[in-house]
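The structure appears below as structure tokens.
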Amino acid sequence: MGAKTLYDKLWDEHVVRVDDNGTALLYIDRQLVHEVTSPQAFEGLRLTGRQPWRTSANLAVPDHNVPTTEHERAAGIADPVARIQVAALGTNCATFGITEFGMGDHRQGIVHVIGPEQGFTLPGSTVVCGDSHTSTHGAFGALAFGIGTSEVEHVLATQCLIQRPSKTMLIRVNGALGPGVTAKDIVLAIIGEIGTAGGTGYVIEFGGDAIRALSMEGRMTVCNMTIEAGARAGLIAVDEKTIDYLRGRPYAPTGDLFERAAAHWRTLVSDEGAAFDRVVDLDAASIQPQVTWGTSPEMVLPIDGRVPDPDAEPDPVKAGGIRRALDYMGLTAGMPIVDIRPDKVFIGSCTNSRIEDLRAAAEVARGRKVSDRIKLAMVVPGSGLVKAQAEAEGLDRIFTEAGFEWREPGCSMCLAMNADRLEPGERCASTSNRNFEGRQGQGGRTHLVSPIMAVAAAVAGHFVDVRAL
Amino acid sequence: MEPFKNFTGVVAPLDRANVDTDAIIPKQFLKSIQRTGFGPYLFDELRYLDHGEPEMDCTNRPLNPTFMLNDPRYGQAEILLARENFGCGSSREHAPWALADFGFRVILAPSFADIFFNNCFKNGILPIVLASKVVDGLFEQATGAVPLRIAVDLSVQNLTLDDGTCIPFTVEAGSKHGLIEGLDDIGLTLKQVDAIRAYEERRRSDAPWVFIGA
């Protein structure tokens, strides 16, 4: 038998049957459920009289709509439509026997933070969720991808999905990152290199020394934004860091079974000589801190860059895109990135709200003050457990002393479904994953950065190289 | 799902690349727990000049005169013509729900984002990938004084333009069959109950940790 990629191994291990037309029925080990993309799926079960195939394969949590202020948490969600949706998740989970970490549960948080944190995400498993950032879980050597609501219902009812194999891409980030350059900068640089559609039709495996050197949190950041490069799933091979992270987590196996599982997990790497459909090499040392300037994550530049000039772009569709982005973002061609001044700063989201992100951000914030020019700077931990850990380490005090607001966990201003949003024309330095028009509030302008670059911008009042702070 | 029937429809040209699902249906409308009623809010931020909220009556909202769906030529369009990477971003199925609710049944583009592409077939929408040059030509024709009409024949996988030009297209056999028959995927999968159970039994023995505590 020939050398296999990690993706081939995961795929082969989950095929239930192959149909005559080339599609496969793929077994899904785990499903994460949140309030926004599940109500119509549960309604579908109700209408057809179907039951979940395996209730314990699912874990639910409200995250998109939940408030992040203590006051609104205690008083109940102010927005009546959001309140109904969060309540519907609770009712649906109770009706169908699915475990839910409700809004009052100390384990509540962003679905892609709590899956790994609970050990619900395991290497070698298939993990799905009605959310495109399910790619996050690929950091554990799990085949994890986002699905639509019809497929959420399909998985609930059958524990399977109808799938076709993807092409495979290997992105090697060789060498070592410089100081002040993070996992977020790696993935933004990759998206800048291959484009937002560069990974369409592929599953991307990330490898190379710089990836191996990342913590599990950093690996999750990279895999999280695989979808922004167009690929549904990202993968990172299992190593001892993966296994150590999972030991002792509530949903992970224990004792001898853990060791037996770990022995299998250690095989979850691409074999020497395995063939990929495309290979991309990046030099880690050449990656600088990144800042997006436009309305697509591929519109990204190093901190010392200048906003591009549409007249210099030969492709008319691309030139039109640059022109529209500059207009929407209120920027002029040729302007230095360091001259851009955010109004708000958001540290959070499934990309960058884990303990390591908060530690790194706090290290930069320590002893400094948020600039008077900044209207609001907020830190939203990814989960109740991350929040508790950060408070135990005193990080909350560092942030609040610097002038940041310290909030309750949720998706928050990443997509602004709750009260946390930008007003029209406001500009944000954000550690989230999407800078689309209106993403953080209608008319809002988003610049994606790493947590330490967000703190640096908050302190300086404009984007600045964190290494020069 | 309603079976997909061949039809002839007007083409609405949306001339921008990387149209994301946030643009197709903004986040505030995702709070609905229904599958229907999203059509009036399709492309809400591009289509209206004010801020849209769920359950808002759209009949008297100020329209953005420069957005193509507000052009009388395209108001009844059933075919959407788009650029590269259409439907990128969030996995929200509310995007195809909104497109279908508005009346779109076919989307033509040089490329689509994977999750969106897949979601279309679950909702009776046929997404068709065409060569960039072909799409360029269609944009030229669709923006003329008289809107372009295309006859869509899924059974023989052909588009026929007003002027008689035929454009063949490809579609995966399984997806095509599902659209034409209006099949219920879950019902089909549940015919494989024995195979799923046999797989699961094997998996329980090979990887019991998957089934522990969860």
>> Here is a list: A:ALA390, A:ALA429, A:ALA457. Which entry is assigned to a helix (DSSP H, G or I), within 19 Å of A:THR221 (Cα to Cα) and either open to solvent by 20 Å² or more (accessible area, probe 1.4 Å) or not aromatic (Phe, Trp, Tyr) (or both)?
In response: A:ALA390
> Of the residues A:MET378, A:MET417, which single one is within 14 Å of another protein chain (Cβ to nearest Cβ), within 27 Å of A:GLU72 (Cα to Cα) and either open to solvent by less than 30 Å² (accessible area, probe 1.4 Å) or touching a His at 6+ places or on another chain (Cβ under 7 Å) (or both)?
Replying inline: A:MET417
> Considering region B:90-119 alone, what residues qualify as being open to solvent by less than 10 Å² (accessible area, probe 1.4 Å) and among the small types (Gly, Ala, Ser)?
Replying inline: B:SER91, B:ALA95, B:ALA98, B:ALA109
> Within region A:286-325, restricting attention to residues that are away from chain B (no Cβ under 14 Å), without any contact (Cβ under 8 Å) to a residue 40 or more places away in the chain and aliphatic (A, V, I, L, M), which residue is least open to solvent (accessible area, probe 1.4 Å)?
Replying inline: A:VAL307
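Among the candidates A:ARG354, A:ARG427, which residue alone is touching a Gly at 6+ places or on another chain (Cβ under 6 Å) and either of a type in the set (D, E, K, R) or under 30 Å from B:ALA17 (Cα atoms) (or both)? Please lay out each step first, then the result.
Values: A:ARG427 fails: touching a Gly at 6+ places or on another chain (Cβ under 6 Å).
Within the list A:ARG354, A:ARG427, the selection yields A:ARG354.
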> Is it true that A:THR136 is away from chain B (no Cβ under 11 Å), touching a helix residue (DSSP H, G or I) at 6+ places or on another chain (Cβ under 9 Å) and open to solvent by less than 20 Å² (accessible area, probe 1.4 Å)?
Replying inline: yes
> Do we find that A:ILE374 is touching a helix residue (DSSP H, G or I) at 6+ places or on another chain (Cβ under 6 Å) and either of a type in the set (Val, Ile, Thr) or under 30 Å from A:GLY146 (Cα atoms) (or both) in this structure?
Replying inline: yes
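Could you identify the single residue in A:ALA261, A:ALA252 that is among the small types (Gly, Ala, Ser), assigned to a helix (DSSP H, G or I), under 19 Å from A:GLN118 (Cα atoms) and within 14 Å of chain B (Cβ to nearest Cβ)? Lay out the reasoning, then the answer.
Details: A:ALA252 fails: assigned to a helix (DSSP H, G or I).
Checking each option against the conditions leaves just A:ALA261.
Go through region A:358-375 and give me each residue that's crowded, with 16+ Cβ neighbours inside 10 Å and assigned to a loop (DSSP other than H, G, I, E, B). Talk me through it step by step, then tell me what you get.
To start, the set of residues in region A:358-375 that are crowded, with 16+ Cβ neighbours inside 10 Å comprises A:358-362, A:364-365, A:368, A:370-371, A:374.
Selection gives A:ARG368, A:VAL370, A:SER371, A:ILE374.
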> Only one of A:GLY198, A:GLY115 is within 20 Å of the chain's Cα centre (by Cα) and in a loop (DSSP other than H, G, I, E, B); which?
Replying inline: A:GLY198
> A:SER349 passes all but one of (1) within 14 Å of another protein chain (Cβ to nearest Cβ); (2) of a type outside the set (Val, Ile, Thr); (3) on the phi < 0 side of the Ramachandran plot; which number fails?
Replying inline: (3)
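Which of the following residues is under 30 Å from A:ARG467 (Cα atoms), within 14 Å of the chain's Cα centre (by Cα), crowded, with 20+ Cβ neighbours inside 10 Å and basic (Lys, Arg): A:ARG232, A:ARG219? Don't jump to the end; show me each part of the working.
Details: A:ARG232 fails: under 30 Å from A:ARG467 (Cα atoms).
Testing whether each residue is under 30 Å from A:ARG467 (Cα atoms), within 14 Å of the chain's Cα centre (by Cα), crowded, with 20+ Cβ neighbours inside 10 Å and basic (Lys, Arg) leaves just A:ARG219.
Considering each of B:ALA173, B:ALA195, B:ALA145 in turn, give the residue that is open to solvent by 20 Å² or more (accessible area, probe 1.4 Å) and more than 11 Å from every other protein chain (Cβ to nearest Cβ). Explain how you work it out, then say what you get.
Working: B:ALA173 fails: more than 11 Å from every other protein chain (Cβ to nearest Cβ); B:ALA195 fails: more than 11 Å from every other protein chain (Cβ to nearest Cβ).
B:ALA145 is the lone residue from the list that is open to solvent by 20 Å² or more (accessible area, probe 1.4 Å) and more than 11 Å from every other protein chain (Cβ to nearest Cβ).
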> What is the residue count in region B:1-55 for residues that are of a type in the set (D, E, K, R), more than 8 Å from every other protein chain (Cβ to nearest Cβ) and surrounded by 23 or more Cβ atoms within 10 Å (Cβ to Cβ)?
Replying inline: 1
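Here is a yes/no grid of residues against (1) in a helix (DSSP H, G or I); (2) open to solvent by less than 20 Å² (accessible area, probe 1.4 Å); (3) within 11 Å of chain B (Cβ to nearest Cβ); (4) within 30 Å of B:ALA173 (Cα to Cα):
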{"residue": "A:GLU35", "(1), (2), (3), (4)": "no, yes, yes, no"}
{"residue": "A:GLN40", "(1), (2), (3), (4)": "yes, yes, yes, yes"}
{"residue": "A:ASN65", "(1), (2), (3), (4)": "no, yes, yes, no"}
{"residue": "A:GLU72", "(1), (2), (3), (4)": "yes, no, no, no"}
{"residue": "A:VAL81", "(1), (2), (3), (4)": "yes, no, yes, no"}
{"residue": "A:ALA94", "(1), (2), (3), (4)": "yes, no, no, no"}
{"residue": "A:GLY104", "(1), (2), (3), (4)": "no, no, no, no"}
>> What's the number of the only condition in (1) over 30 Å from B:ASN85 (Cα atoms); (2) in contact with a helix residue (DSSP H, G or I) (Cβ under 6 Å, 6 or more places away or on another chain); (3) part of a loop (DSSP other than H, G, I, E, B); (4) open to solvent by 10 Å² or more (accessible area, probe 1.4 Å) that A:ILE398 fails to meet?
In response: (3)
> Just for helices (runs of 4 or more DSSP H) wholly inside region B:124-214: which have at least 1 residues that are within 30 Å of A:THR254 (Cα to Cα)?
Replying inline: B:193-206
>> Just the residues that are within 12 Å of A:VAL155 (Cα to Cα), more than 9 Å from chain B (Cβ to nearest Cβ) and not hydroxyl-bearing (Ser, Thr, Tyr), please, taken from region A:48-63.
In response: A:GLN51, A:PRO52
> Given the conditions (1) within 14 Å of another protein chain (Cβ to nearest Cβ); (2) not in a strand (DSSP E or B), which single one is not true for A:GLY234?
Replying inline: (2)
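The values are calculated or read from the model by the stated rules, or taken from the named source; none is laboratory data. Computed from a prediction, not measured in an experiment: that's the story for all the values here. Glycine also receives a Cβ, built like all others from the backbone with ideal geometry; neighbour counts cover every protein chain displayed. Note: areas computed on protein heavy atoms with side chains; ligands, DNA, RNA excluded. Shrake-Rupley method; radii C 1.70, N 1.55, O 1.52, S 1.80 Å.
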